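Report on the following structure.
The values are calculated or read from the model by the stated rules, or taken from the named source; none is laboratory data. Quick caveat, the model's predicted, so the values are computed rather than measured. Cβ atoms come from the backbone with ideal geometry, glycine included; neighbour counts cover every protein chain shown.
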Amino acid sequence: MQVVNSKQELKKALKSYRSEGKSIGLVPTMGALHQGHISLINRCRAENEVVVASIFVNPTQFDNPEDLKKYPRTLESDCELLEPAGCDIVFAPSADEMYPTLPKLSIDFGNLEHVMEGKYRDGHFNGVGIVVSKLFHLVNPDRAYFGQKDLQQVAVLRRLVNDLSFDLELIACPTLRESDGLAMSSRNTRLSAEARKIAPQLHAALQKAKDLLIQGKTAAETQKEINSFFEAIPEFRPEYFEIADFDDLEPIKKMNTEGKTAICTAAYLDGVRLIDNIVF
Ligand code: AMP
């Protein structure tokens, strides 16, 4: 496994594979890797001849400087997970390497900017769109892998690939969870032992809402029960809990019977912002 820090080295590392006509898969990450990330690497390994992982804590997608500062950076242990998983190239650039000049371009993702993560994290998807576009141009992969854990990010990136005709296949992979239901996340390590015990209730709330909708409750009735659910756990400070259409992420009044329904939530616990979703 090669670890490269510059665009030039990356280009060089990819050149021989490219000349041999090998298929290339990309898994973009911000590091602090866990088994959820590794499940993406495994899928990428199974479907491509060359596996590239990027590790870059992208400053332009953080609207909160404290959050950016606190984001764990663990390149060495990340590489210890990537190598046995069969990763070929790790691209771990510095912020200056990725942004010799700060981008002046901005990307408008339409309605996706105004709901859920878009509503609460100003400029987040613009930052994601730009950094992922850069990575797509630098690596030029045949396939790129993203987690459904960040459902809205997948929707935004589908729009990016479609509207800008990126010549690649975008593949969404299922969310890996701890045995108690908590979605694996780099942020979980920041939870106190006490908060960690409560954290799976976020997934429990999603399950409860799913059950209620399947029983025929409206979104409004479901929201009301979920509000009471969170009131009983004051450690949580929910930011949003949305029942939405899976395709456009717009709010819906009842469970979709034709297409899929998505329930997405973000909540603070112990000062850590957790997100999760369920699709059915
Ligand atoms: P991040 O490092 O948080 O930017 O995540 C990098 C990629 O891993 C994103 O596509 C995430 O959606 C995905 N990912 C994060 N957590 C999980 C998880 N628990 N299961 C599956 N994929 C995940």
Exercise. Answer yes or no: is there a residue in the range 100-114 that is at pLDDT 95 or above, in contact with a Cys (Cβ under 9 Å, 6 or more places away or on another chain) and either outside any loop (DSSP other than H, G, I, E, B) or over 22 Å from ASN277 (Cβ atoms) (or both).
Key: no
Quiz item: Out of the range 200-239, which residues are closer than 23 Å to THR257 by Cα, polar (S, T, N, Q) and surrounded by 18 or more Cβ atoms within 10 Å (Cβ to Cβ)?
Solution: THR222
Self-check item: Subset of the range 155-170 that is buried (at least 16 other Cβ atoms within 10 Å of the Cβ) and touching a strand residue (DSSP E or B) at 6+ places or on another chain (Cβ under 7 Å) - its residue that is nearest to VAL128 (Cα to Cα)
Solution: LEU157
Quiz prompt | Enumerated strands (runs of 3 or more DSSP E) restricted to the range 1-98, each holding at least 3 residues that are in contact (Cβ under 8 Å) with a residue 24 or more places away in the chain and within 16 Å of the ligand (Cβ to nearest atom) | solution = 24-29, 50-55
Quiz item: For the range 1-17, how many residues meet the condition of being at pLDDT below 95 and in contact with a strand residue (DSSP E or B) (Cβ under 8 Å, 6 or more places away or on another chain)?
Solution: 0
Quiz item: When LEU138 is evaluated against the numbered criteria (1) within 16 Å of the ligand (Cβ to nearest atom); (2) of a type outside the set (Ser, Thr, Tyr); (3) touching a residue at least 60 places away in the same chain (Cβ under 8 Å), which criterion, by number, is the only one it fails?
Solution: (1)
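Applying the selection to the range 153-179, what residues are farther than 17 Å from HIS203 by Cα and not hydrophobic (A, V, I, L, M, F, W, C)? Lay out the reasoning, then the answer.
Narrowing the range 153-179 to residues farther than 17 Å from HIS203 by Cα: 153-173.
Result: GLN153, ARG158, ARG159, ASN162, ASP163, SER165, ASP167, GLU169.
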Quiz item: For the range 145-243, list the helices (runs of 4 or more DSSP H) that sit wholly inside it and hold at least 1 residues that are within 16 Å of the ligand (Cβ to nearest atom), assigned by TED's automatic domain parsing to the domain that holds CYS264 and over 27 Å from GLY110 (Cβ atoms); which are they?
Solution: 193-198, 201-214
Quiz prompt | Flag if ASP180 is over 16 Å from ASP276 (Cβ atoms) and more than 18 Å from the chain's Cα centre (by Cα) | solution = no
